[in-house]
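Reviewing the structure listed below.
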Amino acid sequence: MITFEHVSKVYGEGNRPALAEVTLQVDRGDFVFLVGPSGSGKSTFLRLVLKEEKASSGTVQVAGRDVGRLRSWKVPALRRQIGVVFQDFRLLADKSVFENVAFALQVLGKPRHVIAQSVPETLALVGLGGKERRRPHELSGGEQQRVAIARAFVNRPALLLADEPTGNLDPETSVGIMKLLDRINRTGTTIVMATHDDDIVDQMRKRVVELRDGRVVRDEDRGVYGSSR
Amino acid sequence: MRLGFVVREMGAGLRRNFTMTVAVVLVTMVSLFFFGLGLLVQQQVSILKGDWYDRVQVSVFLCGPVSTEEDCPTGAVTSAQRDALRAQLESSPLVDRVFYESQQDAYDNFLEQFDDAITENVTPDQLPESFRVRLTDPSRYQEVREQFSGQPGVEDVPDDRAVLGPLFAAMDGATRVALGLAALMLVCSVLLVSTTIRLTAFSRRREVSIMRLVGASRALIQLPFVLEGVIASLVGAVLASGALYALVEFGVGRLRERPDFTTRLVETSDVLFPTAPVMLGVGVVFAVVASLLSLRRWLRV
Ligand SMILES: Nc1ncnc2c1ncn2[C@@H]1O[C@H](COP(=O)(O)OP(=O)(O)O)[C@@H](O)[C@H]1O
Ligand SMILES: [Mg+2]
């Protein structure tokens, strides 16, 4: 699904690289934790997958396509295969839960009847059935993150990227979010999640890739957060 | 579905930046008003030129008893000279028809044109006889003039354009001023469109970032911004056309009612076509160019 070969990323002249010589493969259906202290390059990794940033060197392949050589007008097509979730939810405050999720489909020109069917379906999947008409500020943090996950998943992407999705949530709520992501992963969706939440990583026992100063220092199946702590 | 989406987003943008939108509308209106004004003055110039070419006839004035020694060294025209000139005119390919105006004809016309205070001291033999020549191609006026002035028996072939020249020059000057003001205001409107887009892009940065993430095409993301500018400019262009129409209807209309004003003038139908469509077109093109330029700067997709 994702292949990085000797990928480096330097932001601006003279800075130390945010990613250095990263070589990594994520297979279809994988669930991968990207761990490491803040500033270790986790978000940069995700941004390269989305082509939000361009690698300084090396090749990035996503779903069999060389992202670095992708023409800019083809980038939207790439992003349609990828769902993204962030720590700060990024919901539209003046739209209802339903409208927030529907937004992702409207923008792609999906017909009304498709939206009317898949939005409630997805909201039920994330456990928000019956809350379609609420506004984001009428929801708890965990519920808002579920809306964001529904928006990322409503188009049934093959790949879901999550950048510290539990960073703003208390431990109990985080467990709920992790169960949801696990369920989505079981539908065949590849998930890459950046986090520094050690409890969660230790509980899930999934593949763990640890970054430190932009380098991969550990890549373990069924790993825990860190041997070094 | 997607069209509805674009229209909704555009409407939201226009409402959110209402004051800026009003500013864009007004500045576009003023700039396009001056632009249209320049076009109309040019239209008036070409009407005048057309009329003048329709009417143009070369007058070949012949030497008479009151001609000066300097203009007519051989004295008053002889009948042989007159016949030779007529034959030469009639055989010229540039000449369509030749009318002869005797001193008596000239006197009759003179009486008709001026009132008694002027005419009472004038006698027919003080006025020159002349050939009035219609040309096959009025624009070759100068060639005929050069060919016949200075021939024996010819006193003068005056250049009518000497009268009209300053008028045309003044109107060309007015056009330049109007177009200059229009250009200045167009620059203002481009800057305003750019600022408005920056504001809109800022107030909608969250929507835009989500649209990018879920894979909206660049066209879909940018279209509402471009349309906002285009709609505002179109409204400005329509208002400018209305103002110009009113100017021609009431301003020029009043001139036309004066009995001593016989010149053909631009009409409201000239505003409707081609001036107004050109103004709309220019407004739209400028808005599109201005928005695309500022989108590159403020809205990375
Ligand atoms: N847009 C940017 N411009 C300059 N430097 C950046 C930018 N984004 C990240 N960095 C730098 O790159 C390094 C890695 O950042 P990031 O990928 O955000 O790490 P993480 O997500 O693991 O905290 C950091 O040193 C950070 O300061
Ligand atoms: Mg980060």
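The values are calculated or read from the model by the stated rules, or taken from the named source; none is laboratory data. What you see is a predicted model, and the numbers here were worked out from it, not measured in a lab. Cβ coordinates were reconstructed from backbone atoms using ideal geometry, including for glycine residues, and neighbour counts include every protein chain displayed.
Please name all residue pairs, on different chains or six or more residues apart, with Cβ atoms under 6 Å, provided the first residue is in the range A:177-202 and is away from chain B (no Cβ under 14 Å) and the second residue is within 16 Å of ligand 1 (Cβ to nearest atom) and of a type in the set (K, R).
A:A194/A:K42
Okay, residues lined up against (1) touching an Asp or Glu at 6+ places or on another chain (Cβ under 8 Å); (2) hydrophobic (A, V, I, L, M, F, W, C):
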site	(1), (2)
A:K95	no, no
A:F98	yes, yes
A:H113	no, no
A:E121	no, no
A:L125	no, yes
A:N168	yes, no
A:E172	no, no
A:I191	yes, yes
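Does A:A158 meet the test of being touching a residue at least 60 places away in the same chain (Cβ under 8 Å) and within 14 Å of chain B (Cβ to nearest Cβ)?
Criteria met by A:A158.
Within the range B:186-203, which residues are more than 14 Å from B:V289 (Cβ to Cβ) and either crowded, with 20+ Cβ neighbours inside 10 Å or touching a Leu at 6+ places or on another chain (Cβ under 7 Å) (or both)?
Correct list: B:T196, B:T200, B:A201.
Which condition breaks for A:E143 when tested against (1) out of contact with any strand residue (DSSP E or B) (no Cβ under 7 Å at 6 or more places or on another chain); (2) within 14 Å of chain B (Cβ to nearest Cβ); (3) of a type outside the set (S, T, N, Q)?
That leaves (2) as the condition not met.
Regarding the range A:41-55, can at least one residue be identified that is buried (at least 20 other Cβ atoms within 10 Å of the Cβ), assigned to a loop (DSSP other than H, G, I, E, B) and not assigned by TED's automatic domain parsing to the domain that holds A:G223?
Among the residues of the range A:41-55, not one is buried (at least 20 other Cβ atoms within 10 Å of the Cβ), assigned to a loop (DSSP other than H, G, I, E, B) and not assigned by TED's automatic domain parsing to the domain that holds A:G223, which makes the answer no.
Just to be sure I understand, how many residues within the range A:127-149 are crowded, with 23+ Cβ neighbours inside 10 Å and more than 13 Å from A:R90 (Cβ to Cβ)?
1
Inspect all residues belonging to the range A:154-168 and state whether any of them is among the aliphatic types (A, V, I, L, M), closer than 24 Å to A:V119 by Cβ and part of a loop (DSSP other than H, G, I, E, B).
The answer is yes; a qualifying residue exists.
Of everything in the range A:88-112, what is within 8 Å of another protein chain (Cβ to nearest Cβ) and in a helix (DSSP H, G or I)? Give them in sequence order. Write out each step before concluding.
Pass one, the range A:88-112, residues within 8 Å of another protein chain (Cβ to nearest Cβ): A:90, A:92, A:103-104, A:106-112.
Matches in the range A:88-112: A:F103, A:A104, A:Q106, A:R112.
Does the range A:12-38 hold any residues that are free of Cβ contacts under 8 Å to residues at least 40 places away in the same chain and closer than 19 Å to A:K51 by Cα, and which are they? Before you say what the answer is, go through the steps one by one.
Our first condition is that a residue be free of Cβ contacts under 8 Å to residues at least 40 places away in the same chain; within the range A:12-38, this holds for A:12-15, A:25.
Once the filter is applied, which keeps residues that are free of Cβ contacts under 8 Å to residues at least 40 places away in the same chain and closer than 19 Å to A:K51 by Cα, the range A:12-38 yields A:G12, A:Q25.
Outside the structural domain of B:L37 (by TED's automatic domain parsing) and assigned to a strand (DSSP E or B) - does that describe any residue in the range B:134-153?
At the first step, the residues of the range B:134-153 found to be outside the structural domain of B:L37 (by TED's automatic domain parsing) are B:134-153.
Now restrict to residues that are assigned to a strand (DSSP E or B): B:134-135.
Checked against the condition, which is being outside the structural domain of B:L37 (by TED's automatic domain parsing) and assigned to a strand (DSSP E or B), the range B:134-153 yields at least one hit.
Suppose we filter the range B:192-246 for residues that are more than 9 Å from chain A (Cβ to nearest Cβ) and under 17 Å from B:N17 (Cβ atoms); how many remain?
Of the residues in the range B:192-246, 30 are more than 9 Å from chain A (Cβ to nearest Cβ) and under 17 Å from B:N17 (Cβ atoms).
Among what's in the range A:16-52 and is of a type in the set (D, E, K, R) and within 13 Å of ligand 2 (Cβ to nearest atom), pick the residue that is modelled with the lowest pLDDT. So that I can check it myself, show each step before the final result.
First pass over the range A:16-52, keeping only residues of a type in the set (D, E, K, R): A:16, A:21, A:27-28, A:30, A:42, A:47, A:51-52.
Keeping just the survivors that are within 13 Å of ligand 2 (Cβ to nearest atom) gives A:42, A:47, A:52.
Values: A:K42: 96, A:R47: 96, A:E52: 92.
That would be A:E52.
Given the residues A:V209, A:V217, which is the only one that is more than 16 Å from ligand 2 (Cβ to nearest atom) and in the same structural domain as A:E172 (by TED's automatic domain parsing)? Spell out how you get there, then give the answer.
Working: A:V209 fails: more than 16 Å from ligand 2 (Cβ to nearest atom).
Among A:V209, A:V217, only A:V217 is more than 16 Å from ligand 2 (Cβ to nearest atom) and in the same structural domain as A:E172 (by TED's automatic domain parsing).
Which residues, taken from the range A:204-220, are without any contact (Cβ under 8 Å) to a residue 40 or more places away in the chain and under 19 Å from the mean Cα position of the chain (by Cα)?
Result: A:R205, single match.
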